[in-house]
Every structure is written in C-alpha cells, then in structure tokens.
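K.L.:
Structure in structure tokens, see below.
The numbers here are math on the coordinates, done by the rules we state, and not lab data. From a predicted model like this one, the values you see are computed outputs, not experimental measurements. Neighbour counts are summed over all protein chains in view; Cβ atoms, including those assigned to glycine, are modelled from backbone coordinates with ideal geometry.
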Amino acid sequence: MPDLRERKGEHLDLAKMPSAMAQVENSLDRVRLTHQALPEIDADDVDTSTKFLNYRLAMPLMISGMTGGMPRGDAINLALAEIASQHGIAICIGSQRASLMAKQSQSELRARAKGVPLIGNLGGVQLAGEGGLALAQRAIDDIGADAIAIHLNPLQELAQPEGDRDWRGVLATLGELVKKSEVPIMVKEVGAGISAKTARQLMDQGVRIIDVAGLGGTNWTRIEQSRSDPLRQDVMAPFLDWGISTVDALISARAEHKDATIIASGGIRHGLDVARCVWLGSDLVSAAGVFIKVLEDENQTLRPNRLDALLSVWKDQLKIAMFLTASKTLKALKTAEGEVLMQK
Ligand SMILES: Cc1cc2nc3c(=O)[nH]c(=O)nc-3n(C[C@H](O)[C@H](O)[C@H](O)COP(=O)(O)O)c2cc1C
C-alpha cells in the first residue's frame, strides 16, 4: 500500500492524463446565453470583480484544492498561490492531512497568497475521526486560512484500494466545526456533485459556502481504477460516471438556497463556462484539473507563465460573454437573457 505522500504524487500524475476525465459532459454546453446585438455598453467598462470572504476578487474564480504534503505538492501550491495573488482570485489548497501528520508547516503560503482568500482543506472522514476537530483547527492555524474546505468524497474513497469506508458522523462533526470555528466552513465534493438533499443537510448544520464539484471534469473513480486490482476494477465499472452533473448540481443547490454562497465546479474549461455558471446562479466558479495540466509539464517542471496566460484568456472570455449579453457587471449577467437546452 503506498503511503499518503506517494499516493499524492500518483494522483497528480494520473489526474493529468486524458483517462482522468469523466466520459459524460458537465452539461455546460446546454447553457446558451443569448446574443445581444445592441449591448449599449463599452466593452472596456465590463467589470468582472466580485466579493468573496471579505476580499475583492478581480474575477469570480478560485483555484480548487489539489495537493500538498510532499515537496512536489508544496512547490505547486506555492506557485498557485502566487499566481492567484497576481490575478486577484481565490485559492484553496489540497488536503492538509499529510503535512499536518508529518508536522510540516505550509505557512509560507500565506505570504504568497497576498491580498486574496487562502482556503485550507481536510477530508470529511478525517474530520469525523478521532481528533478531527483539533486537526481542522491546526489546518486553519498553520496557513492563517480565511476559510476551510471540507471535502466529501465517498465515491472516491470506495474506489480507492485503501479508502475509508465508515462515513458515520461526518454531518454532525461538520455542525460542531461550524459552531467552533472562527473562520467560515466551505464544503465541497471532488467531482461527483452535491445533491439538493446534501446541500440542505449542510445548510441545516450552518454551512453557508458550498462548492458543488459536479460530474463532467476530473473523475476520481476513473483515476482510482488505474490504481486498483482487476476485481475492484470490475466492481467499480458501473460507477465510472456516477454522480450529478455540474449544471444539475448547481441549479438545484441555488434553487434550494437563495442566501448561500454557491461555487460551481467540475470540468470548467474556459471563461465562457465561468459566465454560464454565474448566469445559472453561482457566486464563484472553481477549477482544478485544467490548471495543473497547464502549470506542470510532462517533466514535472513548473510553468507558471502558462497558467498566468491561461487565466488572462479566461478573464477576456468572461468579459466577452458579459459584453455580448449586455452585462456590465456580474449582477447584470445573472439576469441576462439565456436558456438551458434540454439537449445540446
Ligand atoms: C491532482 C488533484 C488533486 C486533488 N486533491 C484534492 C484534495 O486534496 N482535496 C480536495 O478537496 N479536492 C481535491 N481535488 C478535487 C478538486 O478540488 C476538484 O473538486 C475536482 O478536481 C473537480 O474540478 P475539475 O473538474 O476542475 O478538476 C483534486 C483534484 C486534482 C486534479
């Protein structure tokens, strides 16, 4: 069985391969924002900024949690934090369990994520385990986090040869964390989506930030298949594309919870997808796989310039979508004309 740090390296390699992607769509191509030939605004006046966790972001985007706890992961996080700061977007890091267990601090991240929200990360099962609440507090303190993301990944854990199977008590412990924590609690999936029922359960426990992380992007069942034995692969075969699409999860979470901060993710590909998610009701959009593929090349060399360029392209694309829907602000974009097609 590989240890936690080896597994993180394997996950990074596998997540960059085409086989890591869901074979079903996140449904964002069904979202059609209506073209307005009379925008009546200056394209240069389009304002993509928004507020999140008491910070003003340049665009409604977050780099989602990926890694940490081993030298390669730490270098990636530092580079991501610096780029997030340069672009005025939020950053969430990957699970802090490995680094906390090894008593290795990731505190350097706070200075790199200058002027932007820095969000910690821990698994729901780990939170519900012995000492989980104390671990969450250490995770927050270590990086001076503005919030902590708790990830729910029951499908991934069952697909994982060494995964956790006992999911009792996660919801109640989340409720305790909400009460005890001085920073907001965000809850996220990792690519199978948050249902309306799960969102309601979370809201009932006081969680106010939910990242739906839907089906249609990085797919952990597929990633874990390549690490499993043939019998486990057979067992998991019908569940390869199990989950709730990004669009369905986003629509139901927003409909259920008018006041919550809803983050859309799961296979976001470009700035037009960001615009589509905002139109569907998300406050923020996040992405992971697409960013690591650009940041780290095939020799594991970091190419921050490539991610820097990609983020500029996304911002331009978001602006174009806003201009062509006659939306000067994100608030205006939310009420722009558009439709969700039944089929592409
Ligand atoms: C290499 C890699 C590692 C990840 N590790 C974590 C993690 O430690 N904690 C977590 O909450 N999510 C983790 N995720 C899930 C992402 O945060 C995100 O929810 C998911 O990949 C869906 O977004 P995407 O389709 O844009 O990749 C990881 C994703 C990738 C690609």
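K.L.:
Can you tell me how region 242-332 classifies by the Cα gyration tensor, rounded, prolate or oblate, using a/c under 1.5 as the rounded cut?
P.N.:
Values: a/c = 2.82, a/b = 1.43, b/c = 1.98.
The shape class here is oblate.
K.L.:
Where the centre of each part is set by its Cα atoms, how far does region 86-112 sit from region 297-317, in angstrom?
P.N.:
20
K.L.:
I've got another one for you. In whole angstrom, how far apart do the alpha carbon centroids of region 12-31 and region 206-237 sit?
P.N.:
Answer, in whole Å: 11.
K.L.:
Return the percentage of antiparallel bridges among DSSP beta bridges fully within the chain, rounded to the nearest 5 %.
P.N.:
Details: 8 of 33 bridges.
Given both bridge residues lie in the chain, the antiparallel proportion sits at roughly 25 percent.
K.L.:
Between Leu38 and Glu339, what length comes free when the chain is fully extended (0.36 nm per residue of separation minus the Cα-Cα distance, one decimal in nm)?
P.N.:
On the way: separation 301, 0.36 × 301 = 108.36 nm, distance 1.88 nm.
Here the segment from Leu38 to Glu339 would lengthen by 106.5 nm.
K.L.:
With angles folded into 0 to 90 degrees, how steeply does helix 246-256 sit against the dominant principal axis of the chain? Use alpha carbons for both and round to 10.
P.N.:
Roughly 80 degrees, rounded to the nearest 10.
K.L.:
Now for a different question. Could you line up Val340, Val187 from fewest to most neighbouring Cβ atoms inside 10 Å?
P.N.:
Numbers: Val340 15, Val187 29.
Ranking Val340, Val187 by Cβ neighbours within 10 Å, fewest first, gives Val340, Val187.
K.L.:
How far is helix 304-324 tilted off the main Cα axis of the chain, in degrees rounded to 10, range 0 to 90?
P.N.:
40
K.L.:
Moving on to the next point. For the residue pair Gln104 and Asp259, what label-to-label distance in nm results when each label sits 7 Å from Cα along the Cα-to-beta-carbon direction?
P.N.:
The modelled label-to-label distance comes out at 4.2 nm.
K.L.:
Now for a separate question. Please label the shape of the chain as rounded, prolate or oblate, based on the square roots a ≥ b ≥ c of the eigenvalues of the alpha-carbon gyration tensor (a/c under 1.5 means rounded; beyond that, a/b larger than b/c means prolate, else oblate).
P.N.:
rounded
K.L.:
Out of Met101, Met62, Met21, any idea which swings most in a Gaussian network model of the chain, alpha carbons joined below 10 Å?
P.N.:
Maximum among the listed residues: Met101.
K.L.:
In whole Hz and in residue order, list the ³J(HN,Hα) couplings for region 29-44 that follow from phi through the Karplus curve 6.51 cos²θ - 1.76 cosθ + 1.60, θ = phi - 60°; x for Gly and Pro.
P.N.:
6, 7, 8, 10, 7, 7, 5, 10, 6, 10, x, 6, 9, 7, 3, 6
K.L.:
Between Ser245, Thr261, Gln233, whose Cα lies farthest towards the positive end of the dipole of region 200-307 when Lys and Arg beta carbons carry +1 and Asp and Glu beta carbons carry -1, centred on the Cα centre?
P.N.:
Selected residue: Thr261.
K.L.:
Run the helix sum for the chain: -39,500 (n - 2.57) per DSSP H stretch of 4+ residues, divided by residue count, reported at 222 nm to the nearest 500 deg cm²/dmol.
P.N.:
Numbers: 16 runs with 149 residues, N = 344.
The helix contribution divided over the chain gives -12500 deg cm²/dmol.
K.L.:
I'd like the orientation of helix 71-87 relative to the chain: the angle between its Cα long axis and the longest Cα principal axis, in ° from 0 to 90, rounded to 10.
P.N.:
That works out to roughly 20 degrees.
K.L.:
I've got another one for you. How high is the relative contact order of the chain, in percent, with contacts defined as C-alpha pairs under 8 Å that are six or more residues apart? If you can, show how the numbers build up before the last one.
P.N.:
Working: 714 pairs, mean separation 77.7, N = 344.
Answer for the chain is 23 percent.
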